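Each value in this text was obtained by applying a stated rule to the coordinates, not by laboratory testing. The shown structure was predicted, so the numbers you read here are calculated from the model rather than taken from an experiment. Methodologically, a virtual Cβ is constructed for each residue, glycine included, from the backbone with ideal geometry; neighbour enumeration extends over all protein chains shown.
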Amino acid sequence: MNNDKKLAVSSAPHWHDGSRISVRNINIAVAALPALFVGISIFGMPALRVITLSIGCAMIAELVINIIARKKISIDDGSAALSGLLIGMLLPASVPWWLVVIGAFVAIIIGKQVFGGIGANPLNPTLIGFAIIMISWKGHMDFDEAFLNYDLGFYMAYPLAALKHFGTAATAKYNLMDLFIGKQSGGIGAVCGLGLLIGGIYLIVRGFIRWEISISFLVGIFITAFLFNIANPEKYAFPLFHLLTGNVMLGAFFLATDDTTSPVNFIPMLIFGLGCGIITVLIRCLGLYYDGVVFAILLMNLINPLVDKIRPKAIGKVVENA
Amino acid sequence: MIKKPFFGLKKPELKYCLESFPFEDIPASREAILFLKKLNGKSEEKLLKVGDNVKTGQKIKAFPDSPEYVISPVTGKISSIFPYTDALGQAYEGIKIESDRNDDWDDQFTGEATLETAIDFLEFAPGKFSFRKFSDVTKKVDTIIINGMDVDLGITVNQEIVRTNSSRIKEGIDFLKKITGVSNFIIAVPENLSKEANRTGATVKTVSATFPDALPEMIIKNTLGKVVPAGQKPEDIGVAVISAESTAAVGEAFATGKVPVIKALSVVGKNGKVINVKARIGTPIGDILSKYNVAPEENDRIILGGPMMGTATYSKDLPIEPNTEAITVQSESDSAQVSDYPCISCGECVRICPVRIPVNFLCRFAEFGFYEDAERYDLNSCIECGLCAYVCTARRPLLQYIKLAKHELELIKLSEAVNE
Ligand code: SF4
Ligand code: SF4
């Protein structure tokens with residue numbers, strides 16, 4: 001028996017479908033590329049600078065924490081890089097380098113690692129990073145100020161700011177097709193709805209994100225915007241305008257669908273998506289901020305554990321009548 | 001190993017093997033190894049010693065006050081007795097018998113068709129069906145389901161028995177009727193075997209060819225519309241599930257007056273090639289593998305059972321047991337490698353679970369020892385199909401956590417019962 005080959009022992013099952021976290025993250029990053037290319041081609045090298053810097057910083061932040069906490073190095077799962085990429089996509093191309101660094105570090109450290117790393121964060125780390133710098137350095141994050149000296153050959157006012165200040169009349173200056181293909185001011189990766197849609201569909205058919213969340217998000221926006229629009233067409237824009245501006249597309253396909261911070265059951269997913277959509281439009285129409293996507297998703301992240309309790313009873317579960 | 005489809009929106013579907021593979025006979029080996037369950041707290045006095053002669057079909061007991069026994073599959077001499085512990089920590093008495101290659105049948109088994117005889121002699125028959133459940137007067141079994149499907153993937157044993165030996169199954173059913181008093185018999189088979197199943201006289205129900213629909217709980221749910229409550233057994237709702245092989249064994253035993261000692265099993269090689277064989281219970285795995293030139297390499301796995309629910313074993317010297325349905329050999333590159341990564345709550349496991357368990361929460365609790373909380377998250381509904389761990393993005397050993405939690409809870413309950 002001594003010259004026998006050593007066999008591996010393990011518990012069942014002995015098959016695995018081959019999925020893994022890094023594959024998932026790489027695919028999400030790949031799906032972001034179309035929108036990213038459009039963004040970079042519109043905003044030029046400064047945009048590329050922001051993206052690479054934020055990816056790099058996020059990975060360094062993760063590595064630093066790994067080393068300090070003496071944990072296994074976890075940058076190879078791609079989740080830090082993906083967070084960095086998504087923060088970069090939310091930022092304006094003109095943002096100063098130190099703000100990118102802060103955003104990426106805050107996202108990884110405060111957004112994720114203080115809770116215990118991947119899988120333990122209650123809120124989407126990307127959004128934490130972005131929200132904190134957006135609130136703290138409003139001036140740098142204001143798209144109109146950011147693009148003050150730019151002329152890229154299309155109407156440069158941030159659509160949602162214009163809407164807030166001038167009502168529906170301002171929307172006439174925008175061509176919906178232009179908005180859809182990315183000719184608008186906004187975050188580097190958020191402007192091109194077409195690219196994001198392509199990426200989103202890719203992720204859905206490959207099964208990396210859940211369509212329930214994305215679709216109900218968009219439906220939530222559409223319905224709420226529609227109701228506002230009927231109530232006061234002068235002040236509140238029509239639904240399509242809401243769908244194509246700001247971070248809606250990025251949010252629906254890349255942010256709200258984050259695994260850890262979204263529900264896993266069918267009905268909760270629908271509630272979650274709808275909630276994100278409704279709150280987004282509420283913030284846009286009634287709130288202080290131009291765009292509400294980031295805060296809407298963060299809010300829904302908070303109630304995610306609660307909504308996810310709505311689940312079908314396990315088969316065979318014995319309900320005790322207390 | 002079947003991978004996730006490229007268009008992963010669709011749930012992966014694992015299909016049972018429905019092909020026919022005729023049985024090949026494996027000649028009896030020089031030795032047979034049997035494991036006799038030890039019960040805790042029972043006396044250490046042994047009835048056995050090395051050098052004892054045994055006959056084929058002879059009932060072997062090791063402890064006077066334990067109901068556990070094994071049936072010798074060969075005629076020969078006990079050459080060694082050694083302690084053995086299985087993967088779940090259950091202790092056994094290992095008994096190695098050197099065969100003298102002649103079958104001298106023992107005559108204790110009279111072939112008289114009563115429940116007592118079945119309990120006394122057939123619990124170690126192929127399939128290892130326990131007849132004791134019929135003697136519990138508090139749980140009246142009124143339906144017996146004969147499982148003509150094989151529970152795990154790649155195995156075709158029961159299907160092949162339905163295909164080739166429906167007459168024995170019919171005999172088995174007649175004897176089961178007689179000894180249990182149950183009249184309602186259902187045979188669950190895949191679509192393509194309904195003709196053969198019809199010959200057995202039982203009511204034929206078809207089951208889908210998608211894993212895990214051949215698991216007893218799923219068959220009960222899909223054919224009878226009944227659900228086995230969490231933590232209970234099919235007997236508790238009046239149903240007993242018996243494999244086609246066990247049924248045929250009952251038929252053979254009472255019709256021939258000899259306790260069956262030949263086990264049918266599938267041998268699935270590294271290339272996925274299936275060979276169905278019939279070998280004596282107790283035959284070392286290595287003897288069967290070497291006959292078919294299946295040589296496991298370093299770090300390969302030898303799995304007793306199928307890829308989803310079987311147990312990977314550590315040695316080729318272990319024997320075929322009465323409930324070994326298959327030997328599946330897997331190369332290292334083809335087998336699942338688990339990680340200790342935390343759960344990312346992607347929910348793949350939750351959505352694929354056939355009994356709708358929130359596996360993501362359950363396994364977080366189980367991982368860190370909160371077994372009672374795990375129980376609140378439907379631990380006891382789990383039918384241990386392994387699908388959750390098959391799809392887990394973080395490659396967590398989910399089923400292992402579940403089994404651990406069940407095992408630990410069992411121990412807690414036992415110690416509570418002792419302390420009372
Ligand atoms: S093994 Fe996993 S998928 Fe199967 S029943 Fe149990 S929890 Fe559900
Ligand atoms: S599949 Fe794995 S990582 Fe995903 S929720 Fe289930 S346990 Fe967590």
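Structure notes:
- Degrees between helix A:97-109 axis and first principal axis of chain A (Cα, 0 to 90, nearest 10): 40 degrees
- Net charge dipole, the protein assembly as shown: roughly 1280 debye, given to the nearest 20, about the Cα centre with Cβ charges of +1 for Lys and Arg and -1 for Asp and Glu.
- Shielding of peptide B:297-304 by partners, expressed as the average count of other chain Cβ atoms within 10 Å per residue Cβ, is 4.
- Net +/- balance of residues flanking B:Ile352 in space, Cβ distance below 13 Å, scoring K and R +1, D and E -1: +2
- Placing a label point 7 Å from the Cα of B:Lys77 along the Cα-to-Cβ direction, none of the residues of the stretch B:266-289 has a backbone N under 14 Å of that point.
- Modelled this way, with points 7 Å down the Cα-to-C-beta line, the labels at B:Thr138 and A:Ser10 are 4.1 nm from one another.
- Label point at A:Ala172 placed 7 Å out along Cα→Cβ; residues across the stretch A:138-155 whose backbone nitrogen lies under 11 Å: none
- Across chain A, the longest run free of exposed loop sites, meaning GluC sites (Glu not before Pro) lying outside DSSP classes H, G, I, E and B with no more than 13 other Cβ atoms within 10 Å, spans A:1-233.
- With Cα atoms as the point set, chain B shows a radius of gyration and Dmax of 21.5, 62 Å.
- Of B:Lys10/B:Lys291; B:Lys46/B:Lys177; B:Lys205/B:Lys233; B:Lys4/B:Lys270, pairs whose Cα-Cα distance is over 29 Å: B:Lys10/B:Lys291; B:Lys46/B:Lys177
- Sequence-distant residues sharing a close amide H with B:Val207 (under 5 Å, placed H): B:Val189, B:Glu191
- Kirkwood Rh in Å, taken over the stretch A:18-90 so that all alpha-carbon pairs contribute: 12.9 Å
- Extension gain (nm, one decimal) between B:Lys233 and B:Ser333, 0.36 nm per residue minus Cα-Cα: 32.3 nm
- Projecting the Cα atoms of B:Ala405, B:Ile285, B:Ala91 onto the charge dipole of the protein assembly as shown, computed from C-beta unit charges around the Cα centre, puts B:Ala405 farthest toward the positive end.
- Dipole magnitude of the stretch B:287-391, debye to nearest 20 (Cβ charges: Lys/Arg +1, Asp/Glu -1, about Cα centre): 340 debye
- Semi-axis lengths (Å, descending) of the ellipsoid that matches the C-alpha gyration tensor of the protein assembly as shown: 63, 26, 22
- Mean shadow area of the stretch B:348-419, taken as a quarter of the surface of its Cα convex hull (nm²): 4.4 nm²
- Gain on full stretching of the segment that runs from A:Leu152 to A:Val64 - 0.36 nm per residue minus C-alpha separation: 27.8 nm
- The alpha carbon centroids of the stretch A:95-163 and the stretch B:216-235 are separated by 53 Å.
- The Rg/Rh ratio of the stretch A:21-307, with both radii computed over alpha carbons and Rh defined as the Kirkwood radius, is 0.95.
- Mean per-residue shielding of peptide B:2-13 is 4, counting Cβ atoms of other chains within 10 Å of each Cβ.
- For the stretch B:17-167, size of Cβ-based charge dipole, Lys and Arg +1, Asp and Glu -1, in debye: 420 debye
- Between the stretch A:252-304 and the stretch B:306-361, the alpha-carbon center distance in angstrom: 36 Å
- Compared with the dominant Cα axis of chain A, that is its longest principal axis, helix A:79-90 is turned about 0°.
- Each part gets one Cα centre, and for the stretch A:1-60 versus the stretch B:155-171 those centres are 49 Å apart.
- For chain A, the longest principal axis of the alpha carbon atoms and the long axis of helix A:211-231 meet at an angle near 20°.
- Helix-only arithmetic for chain B: the sum of -39500 (n - 2.57) across DSSP H runs with n ≥ 4, divided by the residue total, places the mean residue ellipticity at 222 nm at -7000 deg cm²/dmol.
- Length added when fully stretched, B:Thr85-B:Asn222, from 0.36 nm per residue minus Cα-Cα: 45.7 nm
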